[in-house]
Amino acid sequence: MPPVFRFAPSPNGYLHLGHAYSALLNFQRAQETGGRFLLRIEDIDPTRCRPDYEQAIYEDLAWLGIVWEQPVRRQSQHIAEYGAALERLQGMGLVYPSFESRAEIARLVARREADGGWPRDPDGAPLYPGAAKAMSATRRAELMSSGVPYALRLDMAAAVARAGRLSWDEAGSGPEGETGAVEASPAAWGDVILARKETPTSYHLSVVVDDALQGVSEVVRGQDLFHATGVHRLLQALLGLPAPAYRHHRLIRDEHGHKLSKSTRATGLRTLRAEGVSPAEIRHRIGLV
């Protein structure tokens, strides 16, 4: 079977040089190995994803000379598949609802930090500080039926105990140069959110389901997702999904050394294209010559 690669952007902004590097690296790897290259649109957030951003993704990638298989998988069209995976985890007793708002969670974290500190995940966000896991099933059902917003969380301690020790094959490198067999540390993320009342899936859940259903054999992505691989390996083990090989690549940074981001309005490929920059110049700027 030929290897299968994918590039999976979210249409919540315009692609920038960091996206170009990842997309071209995946496309190049597929060509070099006689593999397949897939494009996936991760549009599960209806409040931030827009059709014009999605159209821009197609235009920018085509301009770079990238060709992908049809049809393109759009996550918003596969909510039922993510729901089925979530139900399996619920059937294992590994999912529970939490009801605190973001503001309430921030206050809980502040109190715990004032009492001597509170752990944070590899991205720097505080772990879930609430006590919803201890809530009775009756009370949970009452709150959910009343229409109160909620998040469905993975009981990380129970999930790790069920799955046991996990690792992945790292063909690239992590932020600290990690490579080869890497031990997964999903517990570092605490009780991650798998879905919300208004968004019935999450990045972590949908990405492992998509990769399995699409037969993705090599995941080539930025080092900013290196530690999240621990959560993905855990979900793969719990759901009986195959584990692809992982290759985390360097990040494209600005003149201040910061990772390029849509949230910081990094210059988009769309703008560079309008300014007359060529695809060859893009490759030169990101070190793919």
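Could you please find all residues in segment 10-19 being of a type in the set (Gly, Ala, Ser) and closer than 14 Å to Arg221 by Cβ?
Matches in segment 10-19: Ser10, Gly18.
If the requirement is being touching a helix residue (DSSP H, G or I) at 6+ places or on another chain (Cβ under 8 Å), hydroxyl-bearing (Ser, Thr, Tyr) and in the same structural domain as Glu170 (by TED's automatic domain parsing), which of these qualifies: Thr201, Thr267?
So the residue among Thr201, Thr267 that is touching a helix residue (DSSP H, G or I) at 6+ places or on another chain (Cβ under 8 Å), hydroxyl-bearing (Ser, Thr, Tyr) and in the same structural domain as Glu170 (by TED's automatic domain parsing) is Thr201.
Could you tell me whether Gln75 is surrounded by fewer than 14 Cβ atoms within 10 Å (Cβ to Cβ) and either modelled with pLDDT of 95 or more or of a type in the set (Val, Ile, Thr) (or both)?
So Gln75 fails the test.
So Asp43 fits all but one of (1) closer than 23 Å to Phe226 by Cα; (2) outside any helix (DSSP H, G or I); (3) more than 18 Å from the chain's Cα centre (by Cα); what number is the exception?
Result: Asp43 passes all but (3).
Kindly provide the set of residues from segment 262-280 that are in contact with a strand residue (DSSP E or B) (Cβ under 8 Å, 6 or more places away or on another chain) and not in a helix (DSSP H, G or I), ordered by number.
Residues satisfying the conditions are Lys262, Ala266, Thr267, Gly268.
Would you check which residues across segment 46-60 are surrounded by 16 or more Cβ atoms within 10 Å (Cβ to Cβ) and within 20 Å of the chain's Cα centre (by Cα) and list them?
Selection gives Cys49, Tyr53, Glu54, Ile57.
Which condition from (1) more than 24 Å from Thr199 (Cα to Cα); (2) of a type in the set (D, E, K, R); (3) not assigned by TED's automatic domain parsing to the domain that holds Arg285 is the one that Asp60 breaks?
Only one criterion is unmet by Asp60, namely (3).
How about segment 89-208: which helices (runs of 4 or more DSSP H) wholly inside it have at least 2 residues that are of a type in the set (D, E, K, R)?
Result: 102-114, 137-145.
Taking Gln55 and the conditions (1) out of contact with any Gly (no Cβ under 9 Å at 6 or more places or on another chain); (2) within 22 Å of Asp224 (Cα to Cα), which numbered condition does it fall short on, given that it satisfies the others?
That leaves (2) as the condition not met.
Tell me yes or no: at least one residue of segment 94-117 is of a type in the set (Ser, Thr, Tyr) and under 30 Å from Arg250 (Cα atoms).
no
Tally up the residues in segment 50-88 that are touching a helix residue (DSSP H, G or I) at 6+ places or on another chain (Cβ under 8 Å) and in a helix (DSSP H, G or I), please.
11
What are the residue pairs meeting all of these: first residue in segment 36-61, first residue at pLDDT below 95, second residue surrounded by fewer than 20 Cβ atoms within 10 Å (Cβ to Cβ), Cβ atoms under 6 Å, and 6 or more apart or on different chains?
Note: pairs meeting the criteria are Arg48/Asn12.
When you go through Arg139, Arg153 one by one, which is the residue that is surrounded by fewer than 16 Cβ atoms within 10 Å (Cβ to Cβ) and either assigned by TED's automatic domain parsing to the domain that holds Asp43 or not hydroxyl-bearing (Ser, Thr, Tyr) (or both)?
Going through Arg139, Arg153 in turn, the sole match is Arg139.
Within segment 161-172, is even one residue loosely packed, with under 13 Cβ neighbours inside 10 Å and either under 21 Å from the mean Cα position of the chain (by Cα) or β-branched (Val, Ile, Thr) (or both)?
Looking through segment 161-172, none of the residues is loosely packed, with under 13 Cβ neighbours inside 10 Å and either under 21 Å from the mean Cα position of the chain (by Cα) or β-branched (Val, Ile, Thr) (or both).
What tally of residues in segment 215-253 results from selecting those that are closer than 17 Å to Glu178 by Cβ, within 14 Å of the chain's Cα centre (by Cα) and not in a loop (DSSP other than H, G, I, E, B)?
Of the residues in that region, 14 qualify.
The values are calculated or read from the model by the stated rules, or taken from the named source; none is laboratory data. As the structure is a prediction and not an experimental result, all values here were calculated from the model. All Cβ positions, glycine included, derive from the backbone under ideal geometry; neighbour counts span all protein chains shown.
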